[in-house]
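Down below is the structure, laid out as structure tokens.
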Amino acid sequence: MANCKCILGSAFKVEQWDRKGLHIEETLAVCGNVLVARAAFQAAIKARPGENITLRQGIRVIESREPV
């Protein structure tokens, strides 16, 4: 269980936000490894074209793709 707390505390999250970027609509992935998280982010932007997708670690935004 100690490992779970460590991973969840520093988890990378791929999230879909509403059009205005104010609210998270869905958490698409939670990863303990940044390389896996980046792959999940790339898969999410391909699977959901036109959606506001972010890759975050806590409040830090690592990568984002806003709708055009």
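Considering the chain, what Rg and Dmax in Å follow from its alpha-carbon atoms?
For the chain, the Cα radius of gyration and maximum Cα-Cα distance read 12.0, 42 Å.
Taking the Cα centre of region 2-65 as origin, work out the dipole magnitude from +1 charges on Lys and Arg Cβ and -1 charges on Asp and Glu Cβ, in debye rounded to 20.
Result for region 2-65 is approximately 140 debye, rounded to the nearest 20.
Does anyone have the angle between helix 34-47 and the longest principal axis of the chain? Alpha-carbon axes, 0 to 90°, nearest 10?
The angle comes out near 30 degrees.
Read-outs throughout are calculated quantities, based only on the coordinates presented, and are distinct from any laboratory measurement. Fair warning: this is a prediction, and the values are worked out from it, not measured in the lab. Heads up, the Cβs are rebuilt from the backbone with ideal geometry, glycines too, and the neighbour counts pull from every protein chain shown.
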